[in-house]
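All remarks here apply to the structure that follows.
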Amino acid sequence: MIMEITIVRTLLSILGITLVVGLNAVFVVWLERKVAGHMQYRLGPTEVGPAGLLQTVADGLKLVSKQIIFPRSADTPIFILAPIICLVPVFVALLPVPFSENIQAHELDVGLLLVIALGLLNTLGILLAGWGCDNKYALLGASRAVAQILAYKIPLLLCILPIILLSGTFSLREIVVAQDHSLWFALYQPVAFLIYLVAITMETNRSPFDFAEAESELVAGFHTEYSGMMFSLFFLAEYTYMFVAAAIASVLFLGGWLGPFFPGPVWMLLKIYFFLFLMMWFRWTFPRVRVDQMLSFGWKILLPISLLNFLLTAGVMAAL
Amino acid sequence: MFDSQTAATYNLETVGDQENDFILNLGPQHPGTHGVLRVVLHMDGEYILSADPVLGYGHRMQEKIAETLTYTQVLPYMARMDYLSALSYNQAWVCLVEKMCGYEVPRRAEYIRVLTTELNRISSHFLWFGAFLLDLGAFTPFLHAFEDREKILDLLETLTGSRLTYCFFRFGGVGADVDSVFLKGAQDFVDHMRSHLASYHDLVTGNVIFQERTRDVGVILPFDTWGYGLTGPVLRGSGEKYDVRLREPYSIYPELDFEIPVEQTGDCLARYLVRLQEIEESLNIIEQTIAGMPEGPIRSKVPKIIKPPEGEATMSVETPRGELMIYAVSDGSKIPYRVKYRVPSFANLSIFSKMAKGQLLADALAVLGSLDLVIPEVDR
């Protein structure tokens, strides 16, 4: 009996996560194009489906039907492996994300650690993509992605630590519960909140930190040689990763599913798409930062501030 | 926000580590070169050791073509070199032939020429503004600039019949007269842009990332400007107050009241500021020509077949990119014996190798964008 429940639960989780990934990609790409359009005196997609909602589906079908081109000098196994390594971890990273008190694929004591660890694999995928296709633009893009990873990962972790101190747990669900009877952690930790926002923009390779792609410099960066479905896997991974990062941000800082009037999942989705909208707003407003500026920004400004913030929090907690 | 020493440059003395160097072909198909320009980059990681532009992918033998056609037939070819400032090219050729033959130009025609050329200058600067920001990775300013550029193109379309490759000026005048609708439209555009330029500054000029990306990047010293023959906003960004409209005035420019914007620092930011101020000055010029538009004919009597007397002549005009000089030799027949174009983009590109040396790839593309090159003009 317990065995059967576990199997059904696992199947439901897989189905749910696949649905979330698919529907999110359809919706976020549509949203991004609409947001970009309205910021640029345009309308964005309007033709396919109501208000152009099915445009992404049509684009997806087009990408699936296209030929996948393998460069002759590419390292084929790595070339094929790279998009998969980018995509699979984000599926797994959705496991511990709670959408309400009881909607969660799998409750983990170390859910937060798992998400952070899987986030690193994204960069491995980019590195393999850049290395495997034997293209100088792609290699430059990949090397940029690897160079930037430490510059944002350490401040990111140092921003998460105060939250763990406040809530006393690594479980994403427990972190939300800890905010139930107090203020949202964004109000206790405004500095960490802001730095986290910057860091996830860097982590998801979004403009103004999109060096790995950097269209005007590196053509398309690490995925220059990818076409058809292989390219769309990267695309899917990026948008899903944005979703995961935004979900973690709302869990850590904005109280996850907590909120008046609406049921939990609605609040959770509202907060997630609020963060996604912010990231789109950044992208369609700012020019790209230069690589060395980003590195010195990460190491010389974000790191000391977040370290100081962490030490202060720890000191105050100890004193209390 | 960032370090004050933003201009990261490579120490060229450490070159020699041959194992890590590589050659990167930037172009001829690359989103950062805005045309079929190819730059062979010798790189060490992200740093550029040397950059060699390779020209000629768009070479169309413009000078040779001009030697096989009559003076009138050459006129439409003018718009095909710098397709963003076709009217400045129109003006250079038309003024040159008028100079050779001694034709008179009615006052009203001169006013229409200046009015339309300055509108064309603004539209060219708008396109540069968008393309430069694209090079820096910002997409939205491009479409904002295009929205305003569209207004100019619509205006000029009603007058000249074309939107980009105008062939509007005639020897001894212009092709069509302006009416009150056009003049009102131009005045409305001036009023709109006066207030709307502030949004450009809000969106871009004040942005910290933009300033850090352009300040102290690609500095051109005043000493180099003359050696490389730089003109236009690239020269004026380095503190030289040189503008053909000021130094060798033509048409009615001496009667108009306008400033020549100059910036001292010589970096990408200075060139950016010069161009944005030029848009404002062009708005002033347009307003003055609308207010002072005289009545009268728009074309003087010129013979059907143009045969300039034997001799040679040069004519310089200020295009949005710098000084365009056309030199023509006539042997008394209806076909020019020799035509030479001295184009601003070609001269401005020549300093690129020097500026790119030791720069990061991202900076080199910002520099390339700030030079405002039109590749068909470079290649001719």
At 7 Å along the Cα-to-beta-carbon direction for both A:LEU11 and B:THR70, put a label point, then send me their distance in nm to one decimal.
-> 8.6 nm
Whole-Å distance linking the alpha carbon centroid of the range A:1-48 with that of the range A:110-153 is 24 Å
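At the nearest 100 Å², what buried accessible area, both sides summed, do you get for A and B when the probe is 1.4 Å? Show your work: numbers first, answer last.
Working: alone 15600 and 15750 Å², together 28370 Å².
Chains A and B together bury approximately 3000 Å².
Filter the trypsin sites (Lys or Arg not before Pro) in the range B:190-260 down to the DSSP loop ones having no more than 14 other Cβ atoms within 10 Å, then list what survives.
On the way: sites: B:ARG194, B:ARG213, B:ARG215, B:ARG236, B:LYS241, B:ARG245, B:ARG247; in loops: B:ARG215, B:LYS241.
Hits after loop and neighbour filter: B:LYS241.
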By how many degrees, between 0 and 90 and to the nearest 10, does the Cα long axis of helix A:264-283 differ from the longest principal axis of chain A?
-> 50 degrees
Once phi is turned into θ = phi - 60°, what whole-Hz ³J(HN,Hα) does the Karplus curve with 6.51, -1.76 and 1.60 give for every residue of the range A:2-18, x standing for Gly and Pro?
-> 4, 4, 5, 4, 4, 5, 4, 4, 4, 4, 4, 4, 4, 4, x, 5, 4
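Viscosity 0.890 mPa s, temperature 25 °C: what is the translational diffusion coefficient of the range B:62-348 from Stokes-Einstein with a Kirkwood Rh over Cα pairs, rounded to a whole number of µm²/s? Don't jump to the answer; show the numbers that get you there.
Values: Rh = 19.6 Å.
Approximately 125 µm²/s, per Stokes-Einstein.
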Calculate how steeply helix A:303-319 sits against the longest principal axis of the alpha-carbon atoms of chain A, using the helix alpha-carbon long axis, and give the answer as 0 to 90 degrees to the nearest 10.
-> 20 degrees
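Just by accessible area at a 1.4 angstrom probe, what is the order of B:TRP128, A:TRP281 from largest to smallest?
On the way: B:TRP128 5, A:TRP281 125 Å².
The most accessible residue leads, giving A:TRP281, B:TRP128.
What FRET efficiency comes out for B:ASN284 versus B:TRP226 if R0 is 30 angstrom and r is the Cβ-Cβ distance? Round to the nearest 0.05. Show your work: numbers first, answer last.
On the way: r = 28 Å, r/R0 = 0.95.
The value I calculate is 0.60.
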Neighbourhood net charge (10 Å Cβ-Cβ; Lys/Arg +1, Asp/Glu -1) for B:ILE209 = +2
May I ask you to derive the relative contact order of the range B:62-348, considering only C-alpha pairs under 8 Å and at least 6 residues apart, and to give it as an integer percent?
-> 28 percent
Which loop-located GluC sites (Glu not before Pro) does the range B:254-300 contain, where loop means any DSSP state but H, G, I, E or B and the Cβ has at most 13 other Cβ atoms within 10 Å?
-> B:GLU259, B:GLU295
In whole angstrom, how far apart do the alpha carbon centroids of the range B:191-223 and the range A:174-246 sit?
-> 28 Å
Per the helix-only calculation at 222 nm, which mean residue ellipticity applies to chain B, given -39500 (n - 2.57) for every DSSP H run of n ≥ 4 and division by its residues, nearest 500 deg cm²/dmol?
-> -14000 deg cm²/dmol
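At a 1.4 Å probe radius, which order do A:MET268, A:MET39 fall into by accessible area, largest first?
Working: A:MET268 0, A:MET39 50 Å².
Solvent-accessible surface, decreasing: A:MET39, A:MET268.
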With the full set of protein chains in place, find how many percent of the accessible area of chain B is carbon and sulfur; take the probe as 1.4 Å.
-> 53 percent
Using Cα atoms only, what is the angle between the long axis of helix A:228-253 and the major principal axis of chain A, expressed in degrees (0 to 90) to the nearest 10?
-> 10 degrees
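Find how much the distance from A:ARG42 to A:VAL64 grows on full extension, using 0.36 nm per residue of separation minus their present alpha carbon separation; answer in nm with one decimal.
Details: separation 22, 0.36 × 22 = 7.92 nm, distance 2.76 nm.
Computed gain between A:ARG42 and A:VAL64 is 5.2 nm.
Using DSSP to call loops (not H, G, I, E or B), can you name the chymotrypsin sites (Phe, Trp or Tyr not before Pro) in the range A:1-52 whose Cβ has at most 13 other Cβ atoms within 10 angstrom? Could you put the intermediate results ahead of the total?
On the way: sites: A:PHE27, A:TRP30, A:TYR41; in loops: A:TYR41.
Those satisfying the criteria are A:TYR41.
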Return the calculated 222 nm mean residue ellipticity for chain A, to the nearest 500 deg cm²/dmol, obtained by summing -39500 (n - 2.57) across DSSP H runs with n ≥ 4 and dividing by the residue count.
-> -23000 deg cm²/dmol
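If you roll a 1.4 Å probe over the heavy atoms of the protein chains, what accessible area per residue do you get for the range B:62-348, in Å²?
Details: 10410 Å² over 287 residues.
With all protein chains present, the range B:62-348 gives 36 Å² per residue.
Can you sort A:TRP284, A:TRP131 by solvent-accessible area, 1.4 Å probe, largest first? Walk me through the numbers before you get to the answer.
Details: A:TRP284 35, A:TRP131 155 Å².
Descending order: A:TRP131, A:TRP284.
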May I ask you to give the percent of accessible area on the range A:71-319 that is carbon plus sulfur, with a probe radius of 1.4 Å?
-> 75 percent
What fraction of the Cα pairs in the protein assembly as shown, stated in percent, has a spacing above 41 angstrom?
-> 40 percent
For B:CYS268 the rounded accessible area (nearest 10 Å², probe 1.4 Å, non-protein molecules ignored) is 0 Å²
Spin-label model distance (nm) - A:LEU311 vs A:LEU23, 7 Å beyond Cα toward Cβ | 4.7 nm
Run the quick spin-label model on A:VAL110 and A:VAL191: label points 7 Å from Cα toward the beta carbon, then report their separation in nm to one decimal.
-> 2.9 nm
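Counting alpha carbon pairs within less than 8 Å and at least 6 residues apart, what relative contact order, in whole percent, applies to chain A? Walk me through the numbers before you get to the answer.
Numbers: 463 pairs, mean separation 72.6, N = 320.
Computed over chain A, the figure is 23 percent.
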Here the membrane-span-like helices of chain B, with no claim about any membrane, defined by DSSP H, Cα axial extent at least 20 Å and mean Kyte-Doolittle at least -0.5, are B:86-101, B:107-135, B:140-160, B:180-200, B:268-292
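The values are calculated or read from the model by the stated rules, or taken from the named source; none is laboratory data. Values in this document were obtained by computation on a predicted structure and should not be read as measured data. Because the Cβ atoms are built from the backbone with ideal geometry, glycine has one as well, and the counts that use them run over all protein chains shown. Keep in mind that these areas ignore ligands, DNA and RNA; they rest on the heavy atoms of the full protein, side chains included. Shrake-Rupley method; radii C 1.70, N 1.55, O 1.52, S 1.80 Å.
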